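One structure is given here, and the rest of the page talks about it.
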Amino acid sequence: MKLHEFDSKKIFAQYGVPVPKGKIAKTPKEAGEIAKKLGGAVVVKAQVLVGGRGKAGGVKVVKTAKQAQDAAKQILGMDIKGLPVRKVLIDPAIGIASEIYLGITNDRAARQPVMIASAAGGVDIEEVAATNPEKIIRVHVNPLLGLQDYNIRDLAVGIELDRNHWAAFHTICKGLWEAYKNSDATLAEINPLVITKDNELLAIDGKMLIDDNAIFRQPKLAKLRDMDEETPAETQARKSGLTYIQLDGEIGCMVNGAGLAMATMDIIKLFGGEPANFLDIGGGANAEKVAAALRIILQDKNVKAVLFNIFGGITRGDEVAKGILAALKTIKTDVPMVVRLAGTNAAEGRALLADANMITAETLAEAAQKAVQAAKGK
């Protein structure tokens, strides 16, 4: 789950990271009033969960409250990469001397968090990694010991930070680590962390990603979810306990297990098709969950065929079959469906589907080929 810049910086501030004293506005009038209280010279920033806001015209620096109101009027209601702008952040304008990148994320290969810093802040860190990898400094954090002082010193030395800023940098790194750890985040990022013309460190932008698997432990953060970022189908899937991501293809996929779902998508592409979604019904899925999944898949008007690839272990083949049949009682569709059931109660599941005009397959390769042919009307 992504958090907006304002919400991310609010969390950072709770852990001692210095941030601008900005506020959210939902109308141009509010933006003007906030700018007036902040002294007039402000930055008006669209709050949408995509990058490239500045290039899209969603970030404007103004000098007066009237200009802030006009800028907010232009930005509110904009569409940036498919997402509507419903609110803007009004931050005081800051004189910037230099910019630093600072972030922490999961290093899955090392099985540890990694804190990353770069003197080339303010730009895409991926771009820096590709063009100037030597400018990126990484330190791994032992999850049992936490972020240590020597880790922070290594970062400060690596980015050649003036020693006068080491104390403030130490506070910010510690605060970012605590925000990351206590929020069950997979990413906590400040880009840029600036050295102001008053020679102070300030986090003028922030980004956080919260682990969806841990969101049950973060009820306050769960309330910050922006529904504009999700398609209606993705929202419905989350409420049904399904892992679903909508794609642009024509073959709907219902699979149990994330790895098997990825393999299913790959083999569809191998045989010349395009998957319409990633959908993992999970282990032990019952008939009700399977029916909900099928309804979600069939809501996509691009779907021309559906492929069920169920390898029964905890998930039972007969329960999957019952869910498919239950969904088809409420949804009238002529979309062809290919079913590959294997494992626990697979034979019972195939028997239940025998009279439902399903196309069956013994292997995944056979199922994928049949699904691709069905989608093409062959």
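The values are calculated or read from the model by the stated rules, or taken from the named source; none is laboratory data. Predicted model only: the values in this text are computed from it and were never measured. Here the Cβ positions follow ideal geometry from the backbone for every residue, glycine too, while neighbour counts run over all protein chains shown. SASA here: full protein model, heavy atoms, side chains in, ligands and nucleic acids out. Shrake-Rupley method; radii C 1.70, N 1.55, O 1.52, S 1.80 Å.
Okay, here's what the table says:
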{"item": "Column: log10 I(q)/I(0), Debye, Cα scatterers of segment 199-345, q = 0.13, 0.19, 0.21 Å⁻¹", "result": "-0.61, -1.16, -1.34"}
{"item": "Rg to Rh, two decimals, where segment 310-363 supplies the alpha carbon set and Rh follows Kirkwood", "result": "0.95"}
{"item": "Charged-residue dipole, Cβ positions (Lys, Arg, Asp, Glu), the chain about Cα centre, Debye nearest 20", "result": "1160 debye"}
{"item": "Mean projected area in nm² (Cα convex hull; one quarter of hull surface) for segment 162-283", "result": "11.1 nm²"}
{"item": "Per residue value of the accessible surface for segment 84-156 (all protein chains in place, 1.4 Å probe), Å²", "result": "52 Å²"}
{"item": "Sum of side-chain charges, I125 neighbourhood, beta-carbon under 13 Å (Lys, Arg +1; Asp, Glu -1)", "result": "-3"}
{"item": "Helical contribution to [θ] at 222 nm, DSSP H n ≥ 4, -39,500 (n - 2.57), averaged over the chain, rounded to 500", "result": "-11000 deg cm²/dmol"}
{"item": "Hydrodynamic radius of segment 1-80 per Kirkwood, over alpha carbon pairs, in Å", "result": "13.1 Å"}
{"item": "Principal axes of the chain: Cα extent on each, largest first, Å", "result": "76, 48, 38"}
{"item": "Rg ratio (alpha-carbon, reference 2.2 N^0.38 Å) - segment 23-125", "result": "1.27"}
{"item": "Segment 231-296 - convex hull of the alpha-carbon atoms, volume per residue in Å³", "result": "70 Å³"}
{"item": "Distant-in-sequence amide H partners of A185 (H built 1.01 Å from N, under 5 Å)", "result": "D211"}
{"item": "Shape of segment 129-178, Cα gyration tensor, a/c cut at 1.5", "result": "oblate"}
{"item": "Sulfur and carbon atoms: percent of accessible area, the chain [1.4 Å]", "result": "51 percent"}
{"item": "Charge-dipole axis of the chain as Lys and Arg at +1 and Asp and Glu at -1 on Cβ define it, positive-most pick from L38, A258, F278", "result": "L38"}
